[in-house]
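Q: Have a look at this one.
The values are calculated or read from the model by the stated rules, or taken from the named source; none is laboratory data. Since this is a predicted model, take the numbers as computed values, not measurements. Using ideal geometry, Cβ is built from the backbone for each residue, glycine included, and neighbour counts are taken over all protein chains shown.
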Amino acid sequence: MVSNNPRKFVTIDDRLDFGVISALIEEDTWVLDLGCGSGALLEYLIKTKDVKGMGIEINIEKTIVCMKKGIPVIHQDLNEGLSNFKEDTFDYCVLSQTLQVVQHPDELMLDMLRIAKFGIVSFPNFGYYRLPLKLFFRGKMPQSKEFPYDWDNTPNIHLVTIKDFRDFCKKNGIVILKEYHNYGEEYSPGLTLANKRSKNCVALITHERKLK
């Protein structure tokens with residue numbers, strides 16, 4: 001989740017989706033975290049699952065924090081793509097609460113699955129039923145914990161619903177292996193009417209060509 005304060009360094013306890021993401025990642029694997037922030041997720045995975053982790057982060061202050069923690073990190077804008085990585089370099093490529101802020105999320109997701117066997121994507125669901133209700137009754141862009149910004153300062157340029165995400169995956173040969181939703185304070189698989197009831201989504205994905 002993007003903080004209102006760009007200087008705030010997120011911890012593992014600040015993000016519910018980190019627990020789901022870490023549970024999806026096997027021990028002793030190679031992990032690339034796109035938009036890794038101050039490295040909270042990678043630090044946790046390195047300590048608890050003995051992964052070989054690396055991050056990419058655009059914010060220089062957070063990049064420095066990663067370096068001080070001993071986490072390998074590249075100071076880079078994700079909008080520049082991932083052409084500096086060869087195919088199948090990693091086991092997992094993580095994109096957590098960042099899908100909606102990049103310029104070309106379609107290209108980035110396909111690039112993720114070029115350089116890694118699995119992708120893990122978490123994003124706020126704009127289909128959550130309370131958001132259109134707020135828009136209808138207040139006549140203003142809805143705000144929530146997941147979407148805390150005003151219309152004129154939001155970094156969210158590609159608002160997406162769970163149904164949008166599923167349609168994109170189907171159209172591009174991406175297989176959703178597992179999908180988790182949160183309604184309240186916990187994530188669970190198979191939530192009924194997830195597109196309307198879930199605030200966020202975490203999905204484990206791969207490309208169909210990697211299943212052959």
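Q: In segment 28-78, which residue that is charged (D, E, K, R) and under 16 Å from Asp17 (Cα atoms) is farthest from the chain's Cα centre (by Cα)? Talk me through it step by step, then tell me what you get.
A: Start the filter on segment 28-78 by keeping residues that are charged (D, E, K, R), which leaves 28, 33, 43, 47, 49-50, 52, 57, 61-62, 68-69, 77.
Going one step further and asking which of them are under 16 Å from Asp17 (Cα atoms), we end up with 33, 43.
Details: Asp33: 9, Glu43: 16 Å.
The qualifying residue farthest from the chain's Cα centre (by Cα) is Glu43.
Q: Restrict the check to segment 200-209 and report whether at least one residue is surrounded by 13 or more Cβ atoms within 10 Å (Cβ to Cβ) and modelled with pLDDT under 95. Lay out the reasoning, then the answer.
A: First pass over segment 200-209, keeping only residues surrounded by 13 or more Cβ atoms within 10 Å (Cβ to Cβ): 200-207.
Subset that is modelled with pLDDT under 95: 200-201.
Scanning segment 200-209, I find at least one residue that is surrounded by 13 or more Cβ atoms within 10 Å (Cβ to Cβ) and modelled with pLDDT under 95, so the answer is yes.
Q: Let me ask you something else. How do the pairs read when you match residues in segment 22-36 that are under 16 Å from Glu80 (Cα atoms) with residues anywhere that are at pLDDT below 95, using Cβ under 7 Å and keeping only pairs 6 or more apart or on different chains?
A: From residues that are under 16 Å from Glu80 (Cα atoms), the pairs are Leu34/Thr98; Gly35/Thr98.
Q: Restricting attention to segment 188-212, report how many residues are under 29 Å from Asp88 (Cα atoms), assigned to a loop (DSSP other than H, G, I, E, B) and either of a type in the set (Asp, Glu) or touching an Asp or Glu at 6+ places or on another chain (Cβ under 8 Å) (or both). So that I can check it myself, show each step before the final result.
A: Going through segment 188-212, the residues under 29 Å from Asp88 (Cα atoms) turn out to be 189, 200-212.
From what's left, assigned to a loop (DSSP other than H, G, I, E, B): 212.
From what's left, either of a type in the set (Asp, Glu) or touching an Asp or Glu at 6+ places or on another chain (Cβ under 8 Å) (or both): none.
Within segment 188-212, residues that are under 29 Å from Asp88 (Cα atoms), assigned to a loop (DSSP other than H, G, I, E, B) and either of a type in the set (Asp, Glu) or touching an Asp or Glu at 6+ places or on another chain (Cβ under 8 Å) (or both) number 0.
Q: With part of a loop (DSSP other than H, G, I, E, B) and within 16 Å of Leu16 (Cα to Cα) as the only criterion, which of Glu185, Glu179 stands out? Walk me through how you get there before you give the answer.
A: Numbers: Glu179 fails: part of a loop (DSSP other than H, G, I, E, B).
Answer to the selection: Glu185.
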